[in-house]
Amino acid sequence: MNLWLGKILATDAVGETWQQQAREAALADSLRAKAFGITPENVDEVIERRSHLLKSVLPAFSQFCQTTLKIEPKEMLQVLWDLWLPLGIKIASQRQQLERPLIQGILGGQGTGKTTMCKILSLILDQLGYRTLSLSLDDLYKTYSDRLVLTQQDPRLIWRGPPGTHDVDLGLNVLDQIRQLQSPVMVPRFDKSAFGGAGDRTNPEMVTGVDIVLFEGWFVGVRPINADIFDTAPLPILTDEDKAFARDINRRLYDYLLLWERLDSLIVLYPTDYRCSLEWRKQAEQQMIAAGKSGMSNAEIEQFVNYFWRSLHPELFIKPLVKDATVVDMVIEIHADHSFDKVYCGLIRNS
């Protein structure tokens, strides 16, 4: 943690030396400064607002770090200051420009920190006076019985997750009710532990007065691509059967486009190397096993991850997407150690 950040926390009045250091830090990364709308003209105002927000959110943030993340809050203060606070302020500003609730899409694969980010953004947005709903693409899974029928129709769908295993109409109904200011709204929830881990719908959650929806998932916002690309697809798309499966999954993405149209903004959590997700999954399973829970072996994990790479390969679907400023509003790059790298933005679409 930088000394000037500690000074901001420790005192009400920050001296000019510390203020200057905070000012320089805020402008040092031009891409990040642009993403969060920071300029030499408004940087002092930005620092002051962020400082007040930091102090107000710190108690809830500290509790979350200790009880959920099992780490000391000071280990996360810098990323809170550099990323989560300005991101929360940016989302709140976008909500102010609308006359209805904001639907914020968050795209990120296994281990990118979607759930953690949504929880921390909810804490921040609560301090800014906004009621936030976290909705996962997982919450839109078809029922267990419907997925059994789906597997009978297409035995290649051996795991839930790929396009085709969700109830898109359910998602459209929920988001449209929220966008139309209906209240209360029954929000679907999914229990992954049901039926021996196959998962099924559980009791829906009744919510009222939603201002902002954080809609996250491993392919939220992903568009279909030209099917010819699969002729020379990367591993593990190898055999003719693999290529046929990838093409069929690609076609199923068209069914999701209406759902993506409900997004007002899309943030992508983008690993600098997509293969990190395999190692992150192995780490997560090892931690579960160490805690006395059941977990997959490394061979099972590789089979599992390769299945999803065959369905929507990150190099084919995510890499081109982050370069499309008409679709993606912000990209947050993530290193193998889960630290954040570059933050940059595309065009903000009007809705």
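Rule-based calculations on the coordinates, nothing more; no lab input. Note that this is a predicted model, so its numbers are computed, not measured. We place every Cβ from the backbone using ideal geometry, glycine too, and count neighbours over all the protein chains shown.
Arranged from fewest to most other beta-carbon atoms within 10 Å of their beta carbon, TRP18, TRP159 become TRP159, TRP18. Say a site is exposed when it is one of the trypsin sites (Lys or Arg not before Pro), sits in a DSSP loop, and has at most 11 other Cβ atoms within 10 Å; what is then the longest site-free stretch of the chain? Value returned for the longest uninterrupted segment is 71-292. Taking amide H as placed 1.01 Å from N in the peptide plane, the amide H of LYS342 sits under 5 Å from that of GLU333, each at least 5 places away or on another chain.
Rounded to the nearest 500, the 222 nm mean residue ellipticity of the chain from helices alone is -13500 deg cm²/dmol, with -39,500 (n - 2.57) taken per DSSP H run of at least 4 residues. Sequence-distant contacts, meaning Cα pairs under 8 Å at least 6 residues apart, place the relative contact order of the chain at 19 percent. Extension gain, GLU241-SER93: 0.36 nm per intervening residue step, less the Cα-Cα distance, totals 48.5 nm.
For the chain, the longest principal axis of the Cα atoms and the long axis of helix 276-290 meet at an angle of about 90 degrees. For SER30 and ARG100, the difference between the fully extended length at 0.36 nm per residue and the C-alpha to C-alpha distance is 22.0 nm. Of the options HIS335, ASN250, SER145, report the single residue whose Cα projects farthest towards the positive end of the charge dipole of the chain (beta-carbon charges: Lys, Arg +1; Asp, Glu -1). Of HIS335, ASN250, SER145, it is SER145.
Placing a label point 7 Å from the Cα of GLN66 along the Cα-to-Cβ direction, the residues of segment 108-138 whose backbone N falls under 19 Å from that point are 120, 123-124. Counting neighbouring beta carbons within 10 Å and listing from fewest to most, the residues ASP248, ASP341 come out as ASP341, ASP248. Placing unit charges on the Cβ atoms of the charged side chains and taking the dipole of segment 99-345 about its Cα centre, the candidate lying farthest along the positive direction among TRP260, PRO155, PRO234 is PRO155.
Amide H to amide H distances under 5 Å link GLY199 with ALA194, where only residues 5 or more positions off or on other chains count and H is placed in the peptide plane.
Computed from the Cβ-Cβ distance with R0 of 25 Å, the FRET efficiency linking MET206 to LEU172 stands at 0.85. Across segment 144-150, rounded Karplus estimates of 3J(HN,Hα) from the backbone phi angles (6.51 cos²θ - 1.76 cosθ + 1.60, θ = phi - 60°) give 4, 5, 5, 6, 4, 5, 4 Hz, Gly and Pro being marked x.
Under 30 Å from the Cα of LYS319, which lysines turn up, not counting those fewer than eight places away in the same chain? Leaving aside lysines fewer than 8 places away in the same chain, those within reach of LYS319 are LYS34, LYS90, LYS114, LYS119, LYS142, LYS192, LYS243, LYS282, LYS342. Each residue in SER93, SER136 was given a count of other beta-carbon atoms within 10 angstrom of its own, and listing them fewest first yields SER93, SER136.
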